[in-house]
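S.K.: I have a structure here, written as structure tokens, and I will follow up with some questions on it.
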Amino acid sequence: MNNFSATYTDQYQLSMAQVYFKKGHKDHTAIFDYYFRKLPYQGGYAIFSGLEDLLEIISKMKFNESDLEFLKLQGFDDEFLKYLKDFRFRGTIYSAQEGDVVFPTRPILQVEANIIEAQIIETILLNLLNFQTLIATKASRIRLVAGDAALLDFGLRRAQATGGFYASRAAVIGGFNGTSNVLAGKEFDIPVSGTMAHSYIQSYDDELEAFRDFAVGRPEDCVLLVDTYNTLKSGVPNAITVAKEMEARGQKLLAIRLDSGDLSYFARQSRKLLDEAGLNYVKIAASNQLDEHVIKSLLEQQAPIDIFGVGTNLVTGDPDGALDGVYKLAFSNGKPRIKISESIFKVTLPHKKQVFRMKDENGKCIGADAIGLSQEEKITEMFHPFEPYKSMDVSKFHQEAILQKVMENGEMLISKRTLKEISDYSLSRLSELPIEYKRFNNPHIYKIGISDRLRGEREKLIKSSKQKL
């Protein structure tokens, strides 16, 4: 996954960059905001993920000779290609911390660089942050309903090609305990876990013999798949036999896995059989098209399931499929910039900005973030970004500045954290969020506002643009 070619971009980025270059705009400073417009899964929050991967990749992005030869075939100008030969991102990035809870409309990350560099990194930025934030949010929702149960990512085979690599990382940030993805386990130091396929058992003439051989081969983390033929008449009884044989060798069967049928019923019956055999330590794992809704239902039925293997619905971000994150110009060549739209929700916010999280005297989030100009240090009143007559007095709250400098001159300023550290941080930030924003259904709407000064700047630009028409 260490391909840092700067051709990992859309052609229109390079087409625009060539125009900037030929018109002498290459040294114009630009500021872009990354944010999303709508929360996924009809939830109350999102978990920001992908930042460290992004910073590492853009710090190493370049155009090699093969890249430049290809771009020449696409009709790009020779002088522009000479410029790209020495391309390196040398900009500054301000961002929320990876793992933080984030919300629509407000900037999550800001890029400040020359306009060509800022434009070329847009695609990889959106590609990484949109996808990982979507999956981390899905994983967090699953974690909230799963309680203390172990959660394993089983999704690589169903993922959109190599997206499964980053999905495993994001899943851990969102609260998963491990993955079946060996490469992700190696690269991201994620605990790797796996059981067996039905084909393994089918390849034997006898299910019990298959179980015995597997237990010999994997005595430390043996999990037996019990639903190939008949879960309660064959699979579980054979697993019990092997578990007893393992005990005689001083070993312990870790778990059995259910992968089909009525998981709640089979889990209860399997637990009964295991306990009657004195195997109360053997855990029950379940898989098969699980998501937060199915897991919630199983646990409400008090199904005795200790481990959930979640695949397709996790790594594809079902049912949303994509986060609608955008990258919008806020400032360039010394001037604030704005995009006007017939839809008020798509009118952008100009200028370099800061985001403030409102907290009470105990350090708990009150459910509101305010967007101000970067030079503002305290906001007394925040206004609804699209409904100007709605406002909120925030003068009495502690205001935490969210956007911090994480890259300068193309070099990372932050120390890399383990996924466990990022996940723990995410859980701590989620714990600060009032419970009504974490409700599974119909969560409270988190308030996003803009400062009076930012509102005034936006109105001036809107008025100015109308005068030009």
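S.K.: Which of the residues belonging to segment 16-37 are touching a Ser or Thr at 6+ places or on another chain (Cβ under 8 Å) and of a type in the set (Asp, Glu)? Outline the logic, then answer.
M.R.: If we filter segment 16-37 for residues that are touching a Ser or Thr at 6+ places or on another chain (Cβ under 8 Å), which is where we start, we get 28-31, 33, 35-37.
If the condition is that a residue be touching a Ser or Thr at 6+ places or on another chain (Cβ under 8 Å) and of a type in the set (Asp, Glu), then Asp33 is the only one that fits.
S.K.: Could you list, in sequence order, the residues of segment 138-163 that are over 28 Å from Pro434 (Cα atoms) and either open to solvent by 10 Å² or more (accessible area, probe 1.4 Å) or within 12 Å of the chain's Cα centre (by Cα) (or both)?
M.R.: Selection gives Phe154, Leu156, Arg157, Arg158, Ala159, Gln160, Ala161, Thr162, Gly163.
S.K.: Looking at Asp53, Asp67, which is the one that is within 29 Å of Ala161 (Cβ to Cβ), touching a strand residue (DSSP E or B) at 6+ places or on another chain (Cβ under 8 Å) and in a helix (DSSP H, G or I)? First the steps, then the outcome.
M.R.: Details: Asp53 fails: touching a strand residue (DSSP E or B) at 6+ places or on another chain (Cβ under 8 Å).
Within the list Asp53, Asp67, the selection yields Asp67.
S.K.: Run down Ile31, Ile58, Ile108 and say which single residue is touching a residue at least 40 places away in the same chain (Cβ under 8 Å), within 28 Å of His444 (Cα to Cα) and buried (at least 21 other Cβ atoms within 10 Å of the Cβ).
M.R.: Values: Ile31 fails: within 28 Å of His444 (Cα to Cα); Ile58 fails: within 28 Å of His444 (Cα to Cα).
Within the list Ile31, Ile58, Ile108, the selection yields Ile108.
S.K.: How do the helices (runs of 4 or more DSSP H) wholly within segment 182-284 filter down when requiring 1 or more residues that are of a type outside the set (Phe, Trp, Tyr) and closer than 30 Å to Phe165 by Cα: which remain?
M.R.: Numbers: elements: 182-188, 198-202, 207-217, 236-248, 263-276.
In segment 182-284, 182-188, 198-202, 207-217, 263-276 are the helices (runs of 4 or more DSSP H) which contain 1 or more residues that are of a type outside the set (Phe, Trp, Tyr) and closer than 30 Å to Phe165 by Cα.
S.K.: Of the residues Thr123, Thr92, which single one is within 25 Å of Glu400 (Cα to Cα) and surrounded by fewer than 22 Cβ atoms within 10 Å (Cβ to Cβ)? Explain how you work it out, then say what you get.
M.R.: Working: Thr123 fails: within 25 Å of Glu400 (Cα to Cα).
Step by step, each of Thr123, Thr92 is checked, and only Thr92 is within 25 Å of Glu400 (Cα to Cα) and surrounded by fewer than 22 Cβ atoms within 10 Å (Cβ to Cβ).
S.K.: Tell me which residues, restricted to segment 342-356, are more than 16 Å from Asp452 (Cα to Cα) and either within 29 Å of the chain's Cα centre (by Cα) or part of a helix (DSSP H, G or I) (or both). Write out each step before concluding.
M.R.: Initial filter on segment 342-356 (more than 16 Å from Asp452 (Cα to Cα)): 342-347.
The answer is Ser343, Ile344, Phe345, Lys346, Val347.
S.K.: Condition first: closer than 15 Å to Val355 by Cβ and in a loop (DSSP other than H, G, I, E, B). Now tell me which residues in segment 70-97 satisfy that.
M.R.: Residues satisfying the conditions are Ala96, Gln97.
S.K.: Something else about it: Every residue in segment 270-328 that is touching a residue at least 60 places away in the same chain (Cβ under 8 Å), touching a Lys or Arg at 6+ places or on another chain (Cβ under 8 Å) and of a type in the set (A, V, I, L, M, F, W, C), please.
M.R.: Ala285, Ile307, Leu314, Val315, Val326
S.K.: Additional query: In segment 216-251, which residues are basic (Lys, Arg) and either under 22 Å from Ile307 (Cα atoms) or open to solvent by less than 10 Å² (accessible area, probe 1.4 Å) (or both)? Spell out the reasoning first.
M.R.: Narrowing segment 216-251 to residues basic (Lys, Arg): 218, 233, 244, 249.
Across segment 216-251, the qualifying residues are Arg218, Lys244.
S.K.: Kindly indicate the residue of segment 446-469 that is modelled with pLDDT of 90 or more and not in a helix (DSSP H, G or I) and also most open to solvent (accessible area, probe 1.4 Å) among those meeting that condition.
M.R.: Lys447
S.K.: Further, regarding this structure: Counting only residues that are assigned to a loop (DSSP other than H, G, I, E, B) and open to solvent by less than 60 Å² (accessible area, probe 1.4 Å), how many does segment 285-303 have? Outline the logic, then answer.
M.R.: First, pick out the residues of segment 285-303 that are assigned to a loop (DSSP other than H, G, I, E, B): 287-291, 301-303.
Narrowing the set further to residues that are open to solvent by less than 60 Å² (accessible area, probe 1.4 Å) leaves 287, 290-291, 303.
So the answer is 4.
The values are calculated or read from the model by the stated rules, or taken from the named source; none is laboratory data. Keep in mind that what you see is a predicted model, and the values were worked out from it rather than measured. Every residue, glycine among them, receives a Cβ derived from its backbone with ideal geometry; neighbour counts consider all protein chains shown. Remember, those area values only see protein heavy atoms, side chains included, never the ligands or the DNA or RNA. Shrake-Rupley method; radii C 1.70, N 1.55, O 1.52, S 1.80 Å.
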